[in-house]
Each structure stands twice: as structure tokens, then as C-alpha cells.
Amino acid sequence: MIYRIANHAAPKTRAKLPPFLPTPLLYRFIVKERKAMPEQTEILYNADCPVCNFEISHYADYARKEALPLTFKDLNRDEFAAFGITADQAARRLHVLKDGKVTAGIPAFLILWREMPRYRWLAKLVALPGIFQISCFGYDYILAPIIYRWHLRRQARR
């Protein structure tokens, strides 16, 4: 539970305080807030891709240890239907489904990193003007196409 000091007119009945807090000052009392259960964030990735699998496995292990509301789905198991995209589109970039909205590329990474306390600093850094545009360009036009071509070569060898 989080305790927040609220500036309101003093209530007619006195709010019950936890034992470790002193009596409230005039016009201040403690309001308990319960955190709402966060909605699951779904991450769609290509587990057959060694680069993708290495990175996302690391995130999945961290999310499991921290009990974060993240679900990781492999596009090779036909789990991309909820995302409303084809298998080919799913293989081209990382996709995240949060609050009913599908996001791809660097914005998807930002959503993922913001959900993980250890990586929030990275989300803040990459979201900075200039860095965000460079990151999007590098991912969309250099890194993602290279990884996608590797994926197509692996598929052709099967």
C-alpha cells in the first residue's frame, strides 16, 4: 500500500493512521491508495531468431523474477492473431500489445523498457529528442531489415 498525504478539509471523522505515523497536522490526513492491477502487456517476438531470442529471453527471465505483468509470445507458434498482423509483419519487428494498441519498432521497445524497473533509464534515454529519431532510423532501416533477412534465410534452409 502507498500512503499519500492529501490536503483536504479535515474530515468529521478522524482517519485511522498507521501506528508509525504521528497524529496529522490540521487539515492533513492520510489516504490509503491501492494500486490497480496492471493490464498485461504482450510482447510478440521471433524465438527462431538467435538475436531476438537472446534479448527477449533475458527480458522474460527478468520479468518472471520480478513478477511483472508481461507476456512474451513467439510468432512461430501462431500467437500473432491477437495483434492483427501477419506472420511476415510480425517477423520484421518487435511488436507490443498494450491497452489494446499494437506498437512496433523502437516505440515498442520503449513500452517494454518502461514496464521493467531496471530498464526505465534506457527508455528515458532513448525517448530523448534526437536519440529517439536516430534509434528509430537505425532499427527500422538497418538492424531490423538485416535480422529479417537472416530470418528469411533460416526459413529457406528448412
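Numbers below:
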read-out	value
Mean Cα-pair separation over length for region 98-158, i.e. relative contact order, pairs under 8 Å, 6 or more apart, %	28 percent
Residue-wise HN-Hα coupling along region 113-119, computed from phi with Karplus coefficients 6.51, -1.76, 1.60 (Hz; x: Gly, Pro)	5, 5, 7, 10, x, 5, 10
Residue-wise HN-Hα coupling along region 125-134, computed from phi with Karplus coefficients 6.51, -1.76, 1.60 (Hz; x: Gly, Pro)	5, 5, 6, 5, x, x, 5, 4, 5, 5
Other-chain or far-sequence residues with amide H under 5 Å of residue 73's (modelled H)	43, 44, 45
Three-way shape call for region 94-145 based on the alpha-carbon gyration tensor, with the a/c threshold at 1.5	oblate
Cα-based shape type of region 44-108, given that a ≥ b ≥ c are square roots of the gyration tensor eigenvalues and the cut on a/c is 1.5	oblate
Inter-label distance for residue 47 and residue 120, nm, one decimal - labels placed 7 Å from Cα along Cα-to-Cβ	3.0 nm
Local electrostatic count at residue 61 - Lys and Arg +1, Asp and Glu -1, tallied over other residues with Cβ under 14 Å	+1
Region 41-157: C-alpha gyration tensor shape, a/c 1.5 cut-off, then a/b vs b/c	oblate
In sequence order, calculated HN-Hα J values of region 47-55 (Karplus, 6.51, -1.76, 1.60; Hz; x Gly/Pro)	6, 6, 7, x, 5, 4, 5, 4, 5
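Read-outs throughout are calculated quantities, based only on the coordinates presented, and are distinct from any laboratory measurement. Model, not experiment: these values are computed from the prediction. In this analysis, Cβ positions are derived from the backbone assuming ideal geometry, glycine residues included, and neighbour counts consider all displayed protein chains.
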